[in-house]
Amino acid sequence: MFFKQRSSADGTLSYFYGCGGKGSAVAVDVVAGDEAWFVEEAQKAAVRIAFVIDTHVHADHVSGGRALAAQVGAPYCLHESDAGKVHFPIRGLQDGEVLETGNVITKVLHTPGHTPDSICLLVSDLRRSADPWFVLTGDTLFVSGVGRPDLGGTPKEMAGRIFDSIHAKLLTLPDDLEIFPGHAAGSVCGAGLSGKPSSTIGFEKRWDPYLSMTDRDAFIRELTANIPERPAEMARIVAANLGAAA
Ligand SMILES: [Fe+2]
């Protein structure tokens, strides 16, 4: 398989990966303005972009996902719960669904909390093993942090949902599984993020202060006490990402 991480403005991390042998790839969390980079990388790797996915409707940056999908003729994918919210057609992803791109497979995990539609993507390279090799955690789990819970407007409830998602869907995965998050330091999507753009489930279990909190109420208290400033121009950005802007 091939795998690329792209660091964009404000600590946002995007991903491009897939199967070079069978020429099929996935683009994740594309930032507006970066579409040409993905097209160039696809040409270099001689792959077709089969899926363009956003891990949630972003509030901190305008997505380039829809534009890239239209440009390359791929489905633009969001969690299925966004189908009634966005003003354009999507391919709605279901919890547990598996997307195939040659020998690389991507399993969708619905992990609500940062937003109701947040997903993580569990990726295996069948040439190595059917076991997952890494997980793209979007804004659910960061290196040294977790996603902010307030953007949907009900921070305590959403902090509880992040706790449930992380404990049920992520911390049950093997300790040696690699984590690639949606942001590194510099982002307003979470507090206290590391500048290192990857980690493992095992290392974060030991050293991410939020993951060692096993008491749900204490986790909710701590997470809602440390909420960063809201993203600048959040209303305009969300409207653009929902397709509601003029
Ligand atoms: Fe986010």
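The values are calculated or read from the model by the stated rules, or taken from the named source; none is laboratory data. Source: prediction; values computed, not measured. Because the Cβ atoms are built from the backbone with ideal geometry, glycine has one as well, and the counts that use them run over all protein chains shown. Remember, those area values only see protein heavy atoms, side chains included, never the ligands or the DNA or RNA. Shrake-Rupley method; radii C 1.70, N 1.55, O 1.52, S 1.80 Å.
Computed 3J(HN,Hα) for the stretch 8-21, one whole-Hz value per residue from the Karplus formula 6.51 cos²θ - 1.76 cosθ + 1.60 where θ = phi - 60°, is 10, 4, 6, x, 7, 10, 10, 9, 9, 8, x, 10, x, x, glycine and proline marked x. Taking the helices alone, the chain has a mean residue ellipticity at 222 nm of -6500 deg cm²/dmol, built from -39,500 (n - 2.57) per DSSP H run of at least 4 residues and averaged over all its residues. Label the chain by shape, choosing from rounded, prolate and oblate, from the square roots a ≥ b ≥ c of the eigenvalues of the Cα gyration tensor; if a/c is under 1.5 it is rounded, and otherwise prolate applies when a/b is larger than b/c, oblate when it is not. Taking the square roots of the gyration eigenvalues as a ≥ b ≥ c, the chain is oblate.
Mean separation of Cα pairs under 8 Å and 6+ residues apart, divided by the residue count of the stretch 2-229: what relative contact order is that in percent?
Numbers: 528 pairs, mean separation 35.0, N = 228.
Relative contact order of the stretch 2-229: 15 percent.
Can you sort T106, T172 by 1.4 Å-probe accessible area, starting with the largest?
Order by accessible area, largest first: T172, T106.
Taking amide H as placed 1.01 Å from N in the peptide plane, G20 has its amide H under 5 Å from the amide H of F2, each at least 5 places away in sequence or on another chain. Across the stretch 27-42, coupling constants 3J(HN,Hα) worked out from phi with the 6.51/-1.76/1.60 Karplus curve, θ = phi - 60°, read 10, 10, 6, 6, 8, 4, x, 9, 4, 5, 4, 5, 5, 5, 5, 5 Hz, and Gly and Pro carry x. A straight chain from D10 to E233 at 0.36 nm per residue would run longer than the Cα-Cα distance by 78.9 nm.
Taking amide H atoms as placed 1.01 Å from N in the peptide plane, the amide H of L93 lies under 5 Å from those of L78, H79, E80, each 5 or more residues away in sequence or on another chain.
Close amide-amide hydrogen proximity is noted between F142 and G147, each under 5 Å apart and 5 or more residues distant or on a separate chain (H modeled in the peptide plane; Pro and chain starts excluded). Accessible surface for the stretch 86-225, divided over its residues, is 41 Å² per residue with a 1.4 Å probe. Sequence-distant contacts, meaning Cα pairs under 8 Å at least 6 residues apart, place the relative contact order of the stretch 141-246 at 34 percent. Charge tally for E41 (other residues, Cβ to Cβ under 9 Å; Lys, Arg +1; Asp, Glu -1): +2. Looking at the chain alone, DSSP beta bridges between its own residues are antiparallel in about 70 percent of cases.
Working note: Karplus 6.51/-1.76/1.60 with θ = phi - 60° gives the stretch 107-114 the couplings 9, 8, 10, 7, 10, x, x, 4 Hz, where Gly and Pro are set to x. Given +1 at the Cβ of Lys and Arg, -1 at the Cβ of Asp and Glu and no other charges, the dipole of the chain around its Cα centre is 340 debye to the nearest 20. Simple rule: put +1 on each Lys or Arg Cβ and -1 on each Asp or Glu Cβ in the chain, find the dipole, and look at V146, V104, A32; the Cα lying farthest toward the positive end is V104. Surface composition of the stretch 2-229: carbon and sulfur make up 50 percent of the accessible area, probe 1.4 Å.
All other residues whose Cβ lies under 9 angstrom from that of W133 are scored, Lys and Arg at +1 and Asp and Glu at -1, for a net of -2.
A straight line joining the Cα centroids of the stretch 76-98 and the stretch 218-246 runs 20 Å. When Lys and Arg each count +1 and Asp and Glu each count -1, what net charge do the other residues less than 13 Å away from Q94, Cβ to Cβ, add up to? Neighbour charge sum, excluding Q94 itself: -3.
Exposed loop GluC sites (Glu not before Pro) only (DSSP loop, at most 14 other Cβ atoms within 10 Å): please give the longest stretch of the chain free of them, not including the sites.
Values: sites that count: E229, E233.
The reported range is 1-228.
Were the residues from A225 through R206 laid out at 0.36 nm apart, the gain over their Cα-Cα distance would be 4.6 nm.
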